[in-house]
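First the structure, in the form of structure tokens, and then the observations on it.
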Amino acid sequence: MSSPSSSPSPTSTSSSEGPGVGHSSPGDVPLEAGGSSALLASIKLWHDVDSVVMEDFLGELRDRYCIPEGYGLFASRPGQRPYDQFPQGFGLTVGALEAGLRFPLHPMIEDCLRKWGISSSQMAPNSWRYLVVFLGECRAAGIEPSRALFLACFRLCRGRGGYYLVARSGFKISGAPSNNKCWKSHFFFVSCSRGWGFSTGWTSRAVNNVLPLLSGRESVDVNRPWSILSSSWAIREMTDEWLVDAGLSPVARGTIAFLPHAVC
């Protein structure tokens, strides 16, 4: 196991469809045609907290969540924020890992991030659970997962402090745990010398939630994920063993205590 490193110095960067069943809130804001610096600044304000993830905790994170050695893990410096530019990387919350996100990222996840034009660190942690469970349940059912098939089930929304996923209208899914109250203060930075297949900078881009065009095979398969995900126990209680069986994690590594709460 490589030893954790201190973080390099940051460079600050300053549908017609009805709402689906999901974790939307009165704080949601409409998606306009384009982003703006003022809007991006208002999003960043929600993340102006110091991280409680210390350097000596990074090795435990690597081991607990099976992060390969090719990915560098860095603790933030005082005043550093998850939206700050980071060499060959980006900010990530422990909550995203708890929700099942693993490295290397699945190609479909990278494809979704390219489509949305946002950084992975802008996604609310609990929304990763929907992506991960979709991939795992598709594998178990013999369905070829694709971005179009996923976006036929879920749509991306933007709230005051970032982005999150909700189920499409007519598709009921429930039971996902709520985001940890203080998830914003549990962030660190991850880098990869090979780079990433998506933008790592924060944006305030609008989201196109028009239903995707499906291929012939996807049109046949589209109703199956709806049926499977609506009753998936992994949405409610994901385990390491489930991630291993789904091919999304190499091995289960026991448990790790969550970090103490700090500033919310």
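Quick notes on this structure:
- Using R0 = 30 Å, the C-beta based FRET efficiency linking Val49 and Val207 works out to 0.75.
- For Phe154, nonlocal amide neighbours, meaning residues 5 or more places apart or on other chains whose placed amide H falls under 5 Å from its own, are Arg168.
- Net dipole in debye of region 18-244 [+1 Lys, Arg Cβ; -1 Asp, Glu Cβ; about Cα centre; nearest 20]: 620 debye
- Shown for Trp46, Trp242, Trp202: other C-beta atoms within 10 Å of each C-beta, ranked fewest to most, produce the order Trp46, Trp242, Trp202.
- Each of Gly136, Cys153, Val210 was placed along the dipole of region 18-244 (beta-carbon charges, centred on the mean Cα), and the one lying farthest toward the positive end is Val210.
- Residues with amide H under 5 Å from that of Phe90, placed H, sequence gap 5 or more: Val190
- Relative contact order of region 18-244, defined on C-alpha pairs under 8 angstrom at six or more residues apart (%): 35 percent
- Where Rh is the Kirkwood radius over Cα pairs, Rg/Rh for region 18-244: 0.94
- Computed P(r) (all Cα pairs; region 104-150; 10 Å bins; percent): 25, 59, 15, 0
- Residues Glu144 and Asp245, FRET efficiency given R0 of 22 Å [Cβ-Cβ distance, rounded to 0.05]: 0.75
- Exposure proxy order (Cβ contacts within 10 Å, fewest to most) of Val166, Val94: Val166, Val94
- Cβ-based exposure ranking for Thr203, Thr93, in which fewest neighbours within 10 Å come first: Thr203, Thr93
- Each residue of region 121-132 was assigned a 3J(HN,Hα) from its phi angle through the Karplus curve 6.51 cos²θ - 1.76 cosθ + 1.60 (θ = phi - 60°); the sequence is 6, 8, 8, 4, x, 5, 5, 4, 4, 5, 4, 5 Hz, with glycine and proline shown as x.
- If you take the alpha carbon atoms of region 45-153 and fit the smallest convex hull around them, that volume is 121 Å³ per residue.
- Label reach from Val222 (point 7 Å along Cα→C-beta): in region 134-163, amide nitrogens under 13 Å belong to 148-154.
A short reminder: the numbers here are calculations on the coordinates, not readings from a lab. Remember, predicted model here, so these are calculated numbers, not experimental data. Positions of Cβ are backbone-derived with ideal geometry, glycine not excepted, and every protein chain shown enters the neighbour counts.
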